[in-house]
Amino acid sequence: QVDAVRVYVNSSSENLQYPVLFVVRQQKGVLSWQVPLIFRGLYQRTYNYQEVSRTLCPSEPTPETGPSDQIIFVDVSSMAPFNIAYELLVTRLENFQLETNKAFNFTASPSQPQYFLYKFPQDVDSVIIKVVSDAVYPCSVVSVQDIVCPVYDLDHNVEFNGVYQSMTKQAAITVQRKDFPGEQFFIVFVIKPEDYACGGSVPSSIHGNVNRTWNLERTKNLQVTIVPSIKKSVYVQAMFFSFLSFLSFYLGSVVVAFVHYIRVRRKALAGRLSPEDGSGIMTSSHPITASTPEGSSYGAIDESSSSGGHQLSSPERGLPAGSDTDSSVEEESDFDTMPEIESDKNVIRTKVFLYLSDLSRKDRRIVSKKYKIYFWNIITIAVFYALPVIQLVITYQTVVNVTGNQDICYYNFLCAHPLGVLSAFNNILSNVGHTLLGFLFLLIVLRRDILHRRAMEMKDVYTLDYGIPKHFGLFYAMGIALMMEGVLSACYHVCPNYSNFQFDTSFMYMIAGLCMLKLYQTRHPDINASAYSAYASFAVVICLAVLGVVFGKNDVWFWVIFSMIHVLASLALSTQIYYMGRFKIDGPDSDLGIFRRAAMVLYTDCIQQCSRPMYMDRMVLLIVGNLVNWSFAIFGLVYRPRDFASYILGIFICNLLLYLTFYIIMKLRSSEKLLPIPLFCIVATAVVWAAALYFFFQTLSSWEETPAESREKNRPCILLGFFDDHDVWHFLSAAALFFSFLVLLTLDDDLDSVRRDKIPVF
């Protein structure tokens, strides 16, 4: 048992010119202070205390000398030309050494800090120091320091040594035996003279005379408990659980693919179908002529005789089916290979009832190349984005480890398990699901792509007129985005804070945007956005997210500008969708032509046909979509949510869900079927997303607040004693995104044997 001595002094003198000086000389060190003891705050404020209590650095008996008496000298002096009264009291501490799993209560103040000793038991390699208080303020600091004298236990020097963090009602520090060669350490508790560091009110600036405060009552009751942390075996179990959970998806995919292969082979042997390749394209033994879709009101084109139809099919006959060309002319031609493409599509896309054959008239090979640009661009973006991110978070982690300042990173300290140089390995490990499932999705898409190419080489060229056009570029881009979300989320959780929040959300924006583009591309393959404009739009969104976090807390002007941009962008996009990309504001008289064209469109489409719009289904979707987006804009303008990044992500997700719901409703309304696999994926997506969002809203930390306020939200682990609520969110969100991707991939498999001039566009 280690004995410690505490010295209490008190002086009634308020003369700052002649303080009373106390010097304590021990065998291995000297400790000194003055009374009145002065603490300095913001704006030259000073806080003076006439009562001071300090614990002397204990001298532990050595095996060579054994227990022995220690001599302590206390020197009291003052340069005052008059007598000063003081009080001196020396006491022996009864509970200086803390015990494992035993709570200890005590009181501290700015002028009366406390520290205690803890020794590691033989069978414990890591402990968690848990400190709680019923009161939020005064702000305090918890520090873990090595057994070195002197102990830094005042506000101005507590950060000089060891590991420390600020605290309001709760703090937790994980300490490992390997970091302390002596297998023991001091736990220091310091009360700060001001509360601004913990989110309290900031003192106003005082001009002229320096503001002095005497003997401000800032006492705080604290309770400290030291509990053993998890053992190494738990790390192994958690890693096995993480990898095996997601590798089971690989096993499930192999089983589904094998069952599908067996069923197709049986049908082929039965002679009902030719050997199925998985791409769903039927074999036709005779030429197929595309008839005019029923229900077209005007501008109907006989595709079997139009020059456009011959232009579409002639290149296919001249080259082996499925072959590609590297002609740069084709890539630079805006993907229009028909001489009359501009005049044709102006007529075709204004038909009241559009069919897929009307919007899949461009050369398949060139359109596929257009969508492959999404894949190559996102790889380039990922490389250039990820490399500086990794360098930055490594620097952050190094700074945390070197300085000991645990206020830099916003962890859930009650469930932050270190490994090596990483402070919260569990938050990083839980992101492995995004990477594994993203790679699995790439394999699934690659399989479909290969089987589709084989089918194109084996089957009649006229079978191109069946089913949804197979363009896999966007699917590849979605798989890469899911993998990068795992990588960047792991980087963010190396040291989550205000400066790197966008690492965790950037690719979430891109995933939501790519999903909407893919859903739209399914039945509008010829008029989807180019990769360059899409990624440029994502870049603008990410810039707005950064600006929103910086300026969106209290600046009304930002929310006004953002809401205007949001509403105008919704209207502009709605116009493009409603008119299938054929809306152009032009005219003979430059400026006046713009307004004349806009007024004419408004009159003809909104006033003359207000009873029934020309494109009713599209109009319903766009009205609901605009109402949702305008509601988001009004909500943001009125309430100005602090978590702007999540606010933007919510806008993307709501728009994606709205469009997906509309698509499924229109699909069922058109008498199309949902096959078992997409139906299962839809149900799994809904269930897993619901569970994931529950854990997402269990806020465990927040970099929008001070580190001390963020720690009030910390909670213990809930899964295997290793993962917290946010880790479970990582697991479930990875699975939910994977199922969402499978929905988009398999949703229209029922149309593989349906002619495109019978597939409606919506």
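Measuring from the lowest to the highest alpha carbon on each principal axis, how far does region 1-102 reach, largest first, in angstroms?
48, 34, 20
Let me know the whole percent of all Cα-Cα pairs from region 96-248 that are separated by more than 28 Å.
Result for the distance tail: 32 percent.
If you add up the charges near V202, with Lys and Arg at +1 and Asp and Glu at -1, over every other residue whose beta carbon is less than 12 angstrom from its beta carbon, what do you get?
-1
Calculate the tail of P(r) for region 361-478: the fraction of all Cα-Cα distances greater than 26 Å, expressed in %.
47
To the nearest 0.05, how large is the calculated FRET efficiency for Y261 and Y639 if R₀ is 56 Å and r is the Cβ-Cβ distance?
Working from the Cβ atoms, E equals 0.55.
Quantify, in whole percent, the carbon and sulfur part of the accessible surface of region 1-134 (1.4 Å probe; protein heavy atoms only).
That share works out to 48 percent.
Report, to the nearest whole %, how much of the accessible area of region 383-435 belongs to carbon and sulfur atoms, 1.4 Å probe, protein only.
Accessible surface attributable to carbon and sulfur in region 383-435 totals 76 percent.
P(r) of region 33-184 in 5 Å steps, Cα pairs, percent per bin?
The percentages, shortest bin first, are 1, 6, 14, 18, 20, 16, 11, 8, 4, 2, 1, 0.
Rg and Dmax in Å for region 686-758, alpha carbons only: what are they?
Both quantities, over Cα of region 686-758: 19.2, 63 Å.
Let me spell out the model: positive unit charges on the Cβ of Lys and Arg, negative unit charges on the Cβ of Asp and Glu, origin at the Cα centre of region 120-253. What dipole size does that give, in debye rounded to 20?
Its charge dipole is roughly 260 debye.
Using 31 Å as the Cα-Cα cut-off, could you pick out the over-long pairs in K102/K553; K518/K713; K119/K192; K130/K192?
Flagged as over cut-off: K102/K553; K518/K713.
Can you give me the P(r) profile for region 464-541? Cα pairs, bins 10 angstrom wide beginning at 0, each as a whole percent.
Taking all Cα pairs of region 464-541, the binned fractions are 17, 42, 25, 11, 3, 0 percent.
Rg/Rh for region 614-736 to two decimals, with Rh computed the Kirkwood way over all alpha-carbon pairs.
We get a ratio of 1.07 for region 614-736.
What are the GluC sites (Glu not before Pro) within region 83-190 that DSSP puts in a loop, where the Cβ has at most 10 other Cβ atoms within 10 Å?
Those satisfying the criteria are E94.
The values are calculated or read from the model by the stated rules, or taken from the named source; none is laboratory data. No experiment lies behind these values; they were computed from the predicted model shown. Backbone-built Cβ (ideal geometry, glycine too); neighbour counts: all protein chains shown. Calculation scope for accessible area: heavy atoms of the full protein, side chains included, ligands and nucleic acids excluded. Shrake-Rupley method; radii C 1.70, N 1.55, O 1.52, S 1.80 Å.
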